[in-house]
Structure formats: C-alpha cells, structure tokens
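Single-structure report; data block below.
Laboratory data are not the source of any read-out in this text; all were calculated from the coordinates shown. Everything numeric here is computed off the predicted structure, so don't read it as measured data. Note that we place each Cβ from the backbone using ideal geometry, even for glycine, and neighbour counts take in every protein chain shown.
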Amino acid sequence: MSGIETELRSLERPKTSRPRLHKVILLNDDFTPRDFVVAVLGAVFRMTPAQAQGVMLTAHRRGVCVVGVFTREIAETKADQATDMGRREGHPLTFTTAPED
Ligand code: TYC
C-alpha cells in the first residue's frame with residue numbers, strides 16, 4: 001500500500017471516544033460469612049477461589065476492595081446482582097460502583 005493511501009485512511013478515520021469505565025467496590029461488614037463472600041465473587045465475577053479469597057481478605061482488612069472495572073451498565077448490573085445474592089440470604093454484603101478517575 002502506498003504512503004499516500006495510508007495517510008488518507010488515517011485522515012478519514014472518525015475520532016471515537018472510549019466509554020468511561022466504572023469500578024465495582026466490595027465493602028466490608030461484620031456479619032457476612034467469609035465463605036459466602038468468596039462464593040458470590042466466584043459466581044458474579046468469575047473469580048477462581050484463590051482470587052476471590054484474596055479480594056475478600058483485602059476488603060476484610062482494609063474496609064474496601066476493587067473487584068473489577070467495567071462499562072457503567074455492566075458494573076451496575078454486577079454490583080446489584082452480587083448485593084442481591086447477599087440480601088436473599090439475610091446478609092448485609094454490599095457492592096457499590098464508582099467512575100474511574
Ligand atoms: N468481615 C466479615 C467477617 O468477618 C467477612 C467479610 C469480608 C465480609 C469481606 C464482607 O466484603 C466483605 N465475617
């Protein structure tokens with residue numbers, strides 16, 4: 001391909017902006033059993049047991065842990081699904097979302 005064609009192609013390419021990404025954040029609480037948190041992280045966020053254990057322990061020790069980063073719609077859906085799993089079993093387990101800086 002000639003240099004001229006390459007140049008035209010890049011001039012014609014429309015500028016698109018990538019969607020802003022949102023974090024899903026796991027909040028610690030004093031009541032939800034650790035194994036339940038690990039099970040929810042596996043079910044909703046497709047983490048291995050070892051990954052889920054690490055995230056759970058970080059939230060347990062530090063108060064919060066970022067679980068993952070997604071487009072806004074996916075982040076909100078996953079946070080709601082994971083929080084609902086806890087509510088259905090009577091646990092206060094909570095996931096929130098926040099836009100990435
Ligand atoms: N702190 C809880 C307990 O000691 C376990 C837990 C960990 C709960 C992380 C929520 O995001 C959490 N049973």
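Of the residues making up segment 18-60, those that are surrounded by fewer than 18 Cβ atoms within 10 Å (Cβ to Cβ), touching a residue at least 24 places away in the same chain (Cβ under 8 Å) and in a helix (DSSP H, G or I) are ARG34, PHE36, ALA43, HIS60. Being of a type in the set (A, V, I, L, M, F, W, C), surrounded by 13 or more Cβ atoms within 10 Å (Cβ to Cβ) and near the ligand (Cβ under 8 Å from one of its atoms) is a condition met by no residue of segment 67-81.
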